[in-house]
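Every read-out reported here was derived from the displayed coordinates using simple, explicitly stated rules and does not represent laboratory data. Just so it is clear, the model here is predicted, and its values are computed rather than measured. For neighbour counting, all protein chains shown are included, and Cβ atoms are generated from backbone atoms with ideal geometry for every residue, glycine included.
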Amino acid sequence: MIKRLTWRVATVTEIRQETPTARTLVFDVPGWPGHLPGQHVDVKLTADDGYSAQRSYSIANGDDGERVELTVQQVGDGEVSPYLTEVLEVGDQIELRGPVGGWFVWRPHSSPPVLLIGGGSGIVPLMAMIRSRGKSDTPFRLLYSLRDPGQLYYAGELEKVMAGVEVAYLYTRTAPPDAGRAPGRIRAADLVAYGWPPETAPDVFVCGPTGFVEAAADLLTELGHDPAKIKTERFGPTGG
């Protein structure tokens, strides 16, 4: 029997600004059952008049007791994200439910090489996988597509040299002088240069806007990657 998920009270213990419009919220969630990297939660905000709004957000950290981290990108006219990115403070409480999802997950005991491809805020569940790698000897390669350097999440961590983790940035609009690649959308040459060759049979995880995910998945299959090894998670306008 599938256990029904319940709403839990989550208290903000830390806030980290990632970009001008995105921040990471660290919560203490008593009774949290644990999670796998790649899973997400439902967040519910309830107004004084009883009106409530819900949104889903990927978990950004590996399993760490009763600690849950969410990185939220503000959506201009949204109901939930502006509150989470501009109003919520340390000590405040919200409700969340989870973990949700069992398909788009990486299990740390898995041994094949891992290829992570993230577009924009699609980096969030992929970062949970990187953080869950721990002492595993599974090699990771991350292709991170973003508009410009100012949109980089987790800069402090990704810019460090991490043994067994290779990171390539694919800028779509404005690239720094030392980027080594002209700005543009993801292309087959990027996957050849920075990804794993198909014969290594990597576990592939692609997350981002629908158009980005579909383009990346098509390129991967055209290059010979096994479609059964490609897991995708996409997002589009949800009201924020």
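Among Val206, His225, Ser52, which residue has its Cα furthest toward the positive end of the charge dipole of the chain, with +1 on Lys/Arg Cβ and -1 on Asp/Glu Cβ?
His225
Taking the 0 to 90 degree range and rounding to the nearest ten, how far is the long axis of helix 210-222 tilted relative to the main principal axis of the chain, both from C-alpha atoms?
Tilt of helix 210-222: around 30 degrees.
Relative to the present Cα-Cα distance, how much length would full extension add between Ala201 and Val90 at 0.36 nm per residue of separation?
Additional length available on full extension: 35.6 nm.
Would you please put 173-181, 38-46, 121-129 in order of how densely packed they are, using the mean number of other Cβ atoms within 10 angstrom per residue and starting with the highest?
In decreasing order of mean packing, 173-181, 38-46, 121-129 become 121-129, 38-46, 173-181.
Classify the chain: rounded, prolate or oblate, from the alpha-carbon gyration tensor (a ≥ b ≥ c, eigenvalue square roots; a/c under 1.5 rounded; otherwise prolate if a/b is larger than b/c)?
prolate
³J(HN,Hα) across region 9-19 via Karplus (A = 6.51, B = -1.76, C = 1.60, θ = phi - 60°), whole Hz, x for Gly/Pro?
Here the 3J(HN,Hα) series is 7, 10, 10, 6, 10, 7, 9, 10, 7, 9, 9 Hz.
Based on the mean of other beta carbon atoms within 10 Å per residue, what is the order of 138-147, 218-227, most packed first?
With the highest mean Cβ count within 10 Å placed first, the list reads 138-147, 218-227.
Could you line up Val167, Val90 from fewest to most neighbouring Cβ atoms inside 10 Å?
With the sparsest Cβ surroundings first, the list reads Val90, Val167.
Modelling each spin label as a point 7 Å along the Cα-to-Cβ direction, I'd like the Ala182/Gln17 distance in nm, to one decimal.
3.5 nm
Could you work out how far helix 123-132 tilts from the main Cα principal axis of the chain, as a 0 to 90 degree angle to the nearest 10?
So the inclination is approximately 90 degrees.
For region 72-87, just list the computed ³J(HN,Hα) in residue order, Karplus coefficients 6.51, -1.76 and 1.60, θ = phi - 60°, integers in Hz, with x standing in for Gly and Pro.
Those phi angles translate into 10, 9, 5, 10, x, 9, x, 8, 9, 4, x, 5, 5, 9, 10, 10 Hz.
With each run of n ≥ 4 DSSP H residues scored as -39500 (n - 2.57), what mean residue ellipticity at 222 nm is computed for the chain after dividing by its residue count and rounding to the nearest 500 deg cm²/dmol?
Calculated from helices alone, the mean residue ellipticity at 222 nm is -4000 deg cm²/dmol.
Using a 7 Å offset from the Cα along the Cα-to-Cβ direction at both Arg67 and Thr6, what is the distance between the two label points in nm, to one decimal?
Going by the 7 Å Cα→Cβ label model, 2.5 nm.
Connecting C-alpha atoms closer than 10 Å in a GNM of the chain, tell me which of Gly164, Gly62, Gly31 has the biggest fluctuation.
Judging by the Gaussian network model, the answer is Gly31.
Convert each backbone phi in region 155-164 into a coupling constant with the Karplus relation 6.51 cos²θ - 1.76 cosθ + 1.60 (shift: θ = phi - 60°), then list the ³J(HN,Hα) values in order as whole Hz, x for Gly and Pro.
4, x, 7, 5, 7, 7, 7, 10, 4, x
Using the Cα centre of region 191-240 as the reference point, and only Cβ charges (+1 on K/R, -1 on D/E), how large is the resulting charge dipole? Debye, rounded to the nearest 20.
160 debye
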